[in-house]
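Read the structure below first, then the notes.
The values are calculated or read from the model by the stated rules, or taken from the named source; none is laboratory data. Source: prediction; values computed, not measured. Every residue, glycine among them, receives a Cβ derived from its backbone with ideal geometry; neighbour counts consider all protein chains shown. The area values use the complete protein model at the heavy-atom level, side chains included, leaving out ligands, DNA and RNA. Shrake-Rupley method; radii C 1.70, N 1.55, O 1.52, S 1.80 Å.
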2 protein chains.
Amino acid sequence: MSKTPLPLTRASVVEALSLIRFSIHKTPVLTSKTLSALATREGGPKINLLFKCENLQKIGAFKIRGATHALARLSDDELRRGVVTHSSGNHAQALALAAREASAVRGFPIPAYIVMPHISTPSKIAATKGYGAEVIFSGSTADERETVTRAVQERTGAVLVPPYDHPHIILGQGTVALEFIDQAKEMWFPLDAIVAPCGGGGMLSGVAVVCQGTGIAVYGAEPREGADDAWWGLKNRLRVESVKSLTIADGLRTPVGVNNWAVISDLDMVKGVYTVSEGDIMRAMKLVIERMKILIEPSSAVPVAVVLYNEEFWSDMVECWREKGGRGELNIGIVVSGGNTTIEKIIELFGSSEK
Amino acid sequence: MSKTPLPLTRASVVEALSLIRFSIHKTPVLTSKTLSALATREGGPKINLLFKCENLQKIGAFKIRGATHALARLSDDELRRGVVTHSSGNHAQALALAAREASAVRGFPIPAYIVMPHISTPSKIAATKGYGAEVIFSGSTADERETVTRAVQERTGAVLVPPYDHPHIILGQGTVALEFIDQAKEMWFPLDAIVAPCGGGGMLSGVAVVCQGTGIAVYGAEPREGADDAWWGLKNRLRVESVKSLTIADGLRTPVGVNNWAVISDLDMVKGVYTVSEGDIMRAMKLVIERMKILIEPSSAVPVAVVLYNEEFWSDMVECWREKGGRGELNIGIVVSGGNTTIEKIIELFGSSEK
């Protein structure tokens, strides 16, 4: 993508939002007395939880923000040749839809080539094609996918739009925090902290860029089972380059990208990353679906599980609250990253434990 | 309840909203391109569907509106003696919470007595107790429940707050339409019609009162299997007095009340009632959960199924559109009445068909 990307500053995110705001939903922010009460424990402040519902975003996830912004930064000449990515997840549909919507704005067709492993679920392939993209199949290893992607680039001249590791993607995802901070203020619950899931780190780093210097603390949330690469990396001051995990939070089975790591490993930007067990992710997912009446994918339950069940997170919150004088309440924002799951998948996840 | 209730007019609903607005959520209105496209067919207008999400309301259903309004109309003396109802559904929790919140406003305790059949699901009993109500058990026939309710009234002097058959309940539920009409206008999709589920008819009649004279057509939606009493009643110009049904839309297993029937049977108020099969209710429920990412109970899927699958409704829409000149689009509002279901229930409903 673009060789002279914008700097990673709050001002760049404001600019990004001005470019994409008519193409995305300003998703609602919900509260939940039940979950807030569960998050509040003895010896600490009353917690008010706020949920930024990107599961209600176009394509059912925040990824449309980054993809739309990345395309807005490309020239007509670049877009005529098309865009390409390899993804079997939310980024695939995001890029497909962003290309279709950018076509309408620019007034010429913008081909979107999506490389997907041939073992991808048929519904995801159908959804991606449904947005008008051309789906190209590959093997499922990273090498096989990248080889096919390069071949598409060479054949078509299409621009590669990566899922998270690019400043324009980071800035696009960061727009979610601009909205969230404003909406929370309007609701008289100004945010003290934001907790976001961390896969490749596109959203977490974008949120951190927006919050820097505002006094709003930013935290990451990861599955403990094999996808705790950011947590491990922070402990060892080293970016982990590959992840092998079967966590149910399938959106987070990804190492943090290079651009993302530069932000996330900076303690001024992200105050900490916490991990949670598979069981806690399931408990949190069930609570959100049943009590808040919204459908979320397992990845979105990860920050909820951190806030409800991670002891270390709770101690850090209490400490942060004591430093502020130990008075008042804490307003914690959670980015609900997406809702792309199905009833079939829910039955598969919860079917045995519920009977 | 009150002997001199307010008249069933739009002005009374406006007054009701001014009394309850700080006690309820102004729930969001969502749109869905996917469902709108499915509702649009050959030979008719483009349909834009708007969804008023009362599943995101307090207690997970619109019922809190009517209960809160009914209590706001009672005197301190009446409220000191308490309120009573028999319900195993959303009205039980609505009255329990409304009493607790009214206690805080009035500054004295307001006992809430909820008569529930002893076979009620433990989670519903626990939820009702959780809001501070006293749960009193009865047999499950209408007679047994009413006998116990009368005994509570005699013992305590509590005021009976019925679930739907009272003007103050109707006016309270009608507030949902005031918000919906305004929100749709702000979104540049002014409503042409509203479709609401019909059980006892509290909400449908309230919506009809608000829409009278506005040019917005109001339609009811019922399960075909045994709970089609409003549909049958309109055909035969006779209120059906009892319903025996095992429809999955358990919130609608109820005959229309007397006050409600006076509104619903008036063709100037409600233009028609349509019925849908159990299979169509399930299809619609799955679509809303998976595509819109919100959790709804089966009763809320009934109006969605009418809009998507009822042929007669579609013909009537096309006719209505032709009468208006056959140009432009139709904006149809659906009241999503509640979201009180569980993952366990979803597995029970969809488990076998999904495998």
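General observations
- Residue among B:Ser300, B:Ser315 that alone is of a type outside the set (Val, Ile, Thr) and within 20 Å of the chain's Cα centre (by Cα): B:Ser300
- One residue from A:Gly251, A:Gly279, A:Gly215 being at pLDDT below 95, open to solvent by 40 Å² or more (accessible area, probe 1.4 Å), away from chain B (no Cβ under 14 Å) and over 27 Å from A:Ala142 (Cβ atoms): A:Gly215
- Across region B:152-191, the number of residues qualifying as within 30 Å of B:Ser245 (Cα to Cα) and open to solvent by less than 30 Å² (accessible area, probe 1.4 Å) comes to 16.
- In region B:43-65, of all residues being touching a Phe, Trp or Tyr at 6+ places or on another chain (Cβ under 9 Å) and assigned to a loop (DSSP other than H, G, I, E, B), the one that is least open to solvent (accessible area, probe 1.4 Å) corresponds to B:Pro45.
- Hey, B:Val263 at pLDDT 95 or above, aliphatic (A, V, I, L, M), buried (at least 22 other Cβ atoms within 10 Å of the Cβ) and farther than 29 Å from B:Thr4 by Cβ or not: no
- Which listed residue is surrounded by fewer than 22 Cβ atoms within 10 Å (Cβ to Cβ), in contact with a helix residue (DSSP H, G or I) (Cβ under 9 Å, 6 or more places away or on another chain) and β-branched (Val, Ile, Thr), from B:Thr40, B:Thr85, B:Thr34, B:Thr68: B:Thr34
- Residues of region B:200-226 that are in contact with a Pro (Cβ under 9 Å, 6 or more places away or on another chain) and under 15 Å from B:Glu278 (Cβ atoms): B:Ala221, B:Glu222, B:Pro223.
- Within region B:308-330, the set of residues being at negative phi and open to solvent by less than 90 Å² (accessible area, probe 1.4 Å) comprises B:Leu308, B:Tyr309, B:Asn310, B:Phe313, B:Trp314, B:Ser315, B:Asp316, B:Met317, B:Val318, B:Cys320, B:Trp321, B:Leu330.
Here is a yes/no grid of residues against (1) away from chain A (no Cβ under 14 Å); (2) of a type outside the set (Gly, Ala, Ser):
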{"residue": "B:Ser18", "(1), (2)": "yes, no"}
{"residue": "B:Arg21", "(1), (2)": "yes, yes"}
{"residue": "B:His25", "(1), (2)": "no, yes"}
{"residue": "B:Ser36", "(1), (2)": "no, no"}
{"residue": "B:Ala39", "(1), (2)": "yes, no"}
{"residue": "B:Gly44", "(1), (2)": "yes, no"}
{"residue": "B:Glu54", "(1), (2)": "no, yes"}
{"residue": "B:Ile59", "(1), (2)": "no, yes"}
{"residue": "B:Phe62", "(1), (2)": "no, yes"}
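- The set of residues from region A:109-124 being over 21 Å from the mean Cα position of the chain (by Cα) and within 30 Å of A:Asp77 (Cα to Cα) comprises A:Pro109, A:Ile110, A:Pro111, A:Ala112, A:Tyr113, A:Pro117.
- Answer residue from region B:18-31, given it is part of a loop (DSSP other than H, G, I, E, B) and not β-branched (Val, Ile, Thr) and is surrounded by the most Cβ atoms within 10 Å (Cβ to Cβ) among those: B:Ser23
- Residue in region B:64-71 that is more than 19 Å from B:Ala16 (Cβ to Cβ), of a type outside the set (Asp, Glu) and either free of Cβ contacts under 8 Å to residues at least 24 places away in the same chain or away from chain A (no Cβ under 14 Å) (or both) present: no
- Taking region B:131-224 as the region of interest, the strands (runs of 3 or more DSSP E) fully inside it that hold 3 or more residues being within 30 Å of B:Pro109 (Cβ to Cβ) are B:134-138.
- Test for A:Ser245: is it in contact with a Pro (Cβ under 9 Å, 6 or more places away or on another chain), open to solvent by less than 40 Å² (accessible area, probe 1.4 Å), at pLDDT 95 or above and over 18 Å from A:Gly338 (Cα atoms): no
- Filter result for B:Arg100 (of a type in the set (Lys, Arg), in a helix (DSSP H, G or I), in contact (Cβ under 8 Å) with a residue 12 or more places away in the chain and surrounded by fewer than 17 Cβ atoms within 10 Å (Cβ to Cβ)): yes
- Residue match in region A:69-78 (condition: at pLDDT 95 or above and under 16 Å from the mean Cα position of the chain (by Cα)): yes
- Selected residue (criterion: nearest to A:Gly339 (Cα to Cα)) from residues of region B:296-315 that are touching a helix residue (DSSP H, G or I) at 6+ places or on another chain (Cβ under 7 Å) and more than 14 Å from chain A (Cβ to nearest Cβ): B:Val304
- Region A:282-291: number of residues that are open to solvent by less than 10 Å² (accessible area, probe 1.4 Å) and within 8 Å of another protein chain (Cβ to nearest Cβ): 1
- Selection from region A:121-151 of residues that are in contact with a Gly (Cβ under 9 Å, 6 or more places away or on another chain) and either β-branched (Val, Ile, Thr) or surrounded by 18 or more Cβ atoms within 10 Å (Cβ to Cβ) (or both): A:Lys124, A:Arg145, A:Thr147, A:Val148
Results for (1) among the hydroxyl-bearing types (Ser, Thr, Tyr); (2) away from chain B (no Cβ under 14 Å); (3) touching a Leu at 6+ places or on another chain (Cβ under 7 Å), shown as yes or no for each residue.
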| residue | (1), (2), (3) |
| --- | --- |
| A:Ile294 | no, no, yes |
| A:Trp321 | no, yes, yes |
| A:Ile334 | no, yes, yes |
| A:Leu349 | no, no, no |
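- If you check A:Thr4, A:Thr31 for being of a type in the set (Val, Ile, Thr), at negative phi and over 21 Å from the mean Cα position of the chain (by Cα), only one passes: A:Thr4.
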